[in-house]
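S.K.: The structure is given below, and queries will be raised subsequently.
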Amino acid sequence: MKQVPFLNLATVNSDDLDEMVMAAGRVIRSGRYLHGQETEAFERELAMSSGLSDVSAIGVSNGLDALRLIIRGYIELGRLRPGDEVLYPANTYIASILPVSEFGLVPVAVEPDAETHNIRLATLVDKISPRTRALMLVHLYGRPCWDKEIMSYLRSRGILVVEDNAQAIGARAREEGFNHSCITGSLGDAAAFSFYPTKNIGAVGDAGAVLTTDPELAATIRALANYGSDRRYHNLYCGYNCRLDEIQAAMLRVRLRRLPEIIANRRATAEAYSSWIKQPAITLPSEEKGSTHVWHQYVIRHPHRDRLGDYLRDNGISTDIHYAVPPHRQPCYKDIDFGPLPIAEMLADTVLSLPIAGIDTATAKEISMIINEFRE
Ligand SMILES: *Cc1c(COP(=O)(O)O)cnc(C)c1O
């Protein structure tokens, strides 16, 4: 079999190369590199793709900053305070909780469901305390995580639902969210997007966005992202520089137009893997009926994950692990007691991500056949 890299971004972007080069040239010739019409247009187009009408999209520097701006924005509005507890799925990427601890809020880990890799309703309720003020809702690997009943229950208790939509742009939940859209990123109170190059819509560098239907939060975040300035030379907050630049915005406009096709391709590859991989020891990922998974990662489980990964590497196929060390095991969080999280640990020890971006169904079939020949 030919060599299969886990992800080759040059290949992924090659279909759009001419358009991207043209768009970059347009920006350079315009002489306007920040606060320009590309960013404005991208914000409008991203807002439109959310399926909501009264919504603000704010282009920012990256996904982590999008999350930071949301947390800091809620702090400025008096809706979050240091010491407040924020629930989050224990198997997420660390960026989901860095902004929580950064502002003195307390990350409270919720065990994921071993089959969906997303949090479970029952476990979530157990973790609610009188100090719970927000949920960091992660649509991990591109699988929508939403349950209208439990989310409405959280909302009735004044708990904010912040979506970490870094991996799930364009995914659809089975039920509609607070704002009557099913599209992830418009389900809860505010959402963070990442356009890190490896994400389903990737920039040529760093980029991110915030989406919210709350006009007060949107105005606060816009100011915070621009030195805390709500109008010229007037600094309402001690803010940051978290701007999206015009070149990245122009790249993202090209890529966003292709989103339906990007999702369709990933879904076809995932479906090929799911129908061809037949190994009793492997647990395949699933899709919730009535929802649309966008397959940022295709994550299988195997009790001897490392041996399977080595075997695939020896056969020319690169794999990856999302994530080998969960946030609660990172040295930076050694002083926080997260409690026992056996499911998150088991997942960290058994998950293996197969290549998916830019992999056609014939290649997925070939990879599946090689997997089926794995003998421990
Ligand atoms: C990528 C990612 C982020 C951070 O996005 P950056 O643009 O890299 O800062 C946050 N959360 C999750 C779940 C991610 O996958």
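Just so it is clear, none of the values below were taken in a lab; they were calculated from the coordinates. Note that the structure is predicted; figures quoted are calculated from it, not measured. For neighbour counting, all protein chains shown are included, and Cβ atoms are generated from backbone atoms with ideal geometry for every residue, glycine included.
S.K.: Magnitude of the Cβ-charge dipole of segment 24-132, K/R +1 and D/E -1, about the Cα centre, nearest 20 debye?
M.R.: Taking the Cα centre of segment 24-132 as origin, the dipole is about 340 debye.
S.K.: Net charge near R307, counting Lys/Arg +1 and Asp/Glu -1 over other residues with Cβ under 15 Å of its Cβ?
M.R.: Once all neighbours under 15 Å are counted, the net charge is -2.
S.K.: Now, a different point. How far is the Cα center of segment 49-88 from the Cα center of segment 250-272, in Å?
M.R.: One Cα centre to the other: 26 Å.
S.K.: Another one. Kindly rank 65-75, 92-102 from highest to lowest mean number of other beta carbons found within 10 Å of each residue.
M.R.: Packing order, densest peptide first, comes out as 65-75, 92-102.
S.K.: Then there's this: Report, in debye and to the nearest 20, how large the dipole of segment 220-292 comes out about its Cα centre when Lys and Arg carry +1 and Asp and Glu carry -1 on their Cβ.
M.R.: About 200 debye.
S.K.: If you don't mind, there's one more thing I want to ask. Gain in length, V21 to S156, computed as 0.36 nm per residue apart minus the alpha-carbon separation, to one decimal in nm?
M.R.: 43.7 nm
S.K.: Continuing with the same structure: Quick one: 3J(HN,Hα) in Hz for segment 187-194, Karplus 6.51/-1.76/1.60 with θ = phi - 60°, rounded, Gly and Pro as x.
M.R.: Karplus values, whole Hz, x for Gly and Pro: 8, x, 8, 7, 9, 10, 10, 10.
S.K.: While we're on this one: Over all directions, what mean area does the Cα convex hull of segment 26-131 project, stated in square nanometres?
M.R.: Its average projected convex-hull area is 9.5 nm².
S.K.: Say the cut-off is 30 Å between C-alpha atoms; which of K148/K278; K127/K365; K127/K278; K2/K278 go over it?
M.R.: From the list (K148/K278; K127/K365; K127/K278; K2/K278), the Cα-Cα distance tops 30 Å for K148/K278; K127/K365; K127/K278.
S.K.: Separation of segment 152-180 and segment 182-231 by C-alpha centroid, Å?
M.R.: 15
S.K.: Now for a separate question. Can you compute log10 of I(q)/I(0) for segment 270-376 with the Debye formula, treating each Cα as one identical point scatterer, at q = 0.20, 0.24 Å⁻¹?
M.R.: Here the Debye-derived log intensity ratios amount to -1.07, -1.37.
S.K.: Could you give the size of the charge dipole of segment 209-261 about its Cα centre, using +1 on the Cβ of each K and R and -1 on the Cβ of each D and E, expressed in debye and rounded to the nearest 20?
M.R.: 220
S.K.: Another question, then. Seen from all sides and averaged, what is the projected area of the convex hull of the Cα atoms in the chain, in nm²?
M.R.: The Cα convex hull of the chain, projected and averaged over all directions, gives 18.7 nm².
S.K.: Follow-up. Would you be so kind as to identify which of A134, L64, H234 lies farthest towards the positive end of the dipole of the chain, taking Lys and Arg as +1 and Asp and Glu as -1 on Cβ and the Cα centre as origin?
M.R.: Of the candidates, H234 comes out farthest on the positive side.
S.K.: Calculate for the chain the 222 nm mean residue ellipticity that helices alone would give, adding -39,500 (n - 2.57) per DSSP H run of length 4 or more and normalising by residue count, nearest 500 deg cm²/dmol.
M.R.: Estimated from H runs of four or more residues: -11000 deg cm²/dmol.
S.K.: Let me ask something additional. Treating segment 211-299 as a set of equal point scatterers at the Cα positions, no solvent, please give the Debye-formula log₁₀ I(q)/I(0) at q = 0.19 Å⁻¹.
M.R.: Listed by q, the Debye log ratios stand at -0.93.
S.K.: Moving on to the next point. Sort 130-137, 326-333, 115-122 by packing, meaning the average of other beta carbons within 10 Å per residue, with the highest value first.
M.R.: 130-137, 115-122, 326-333
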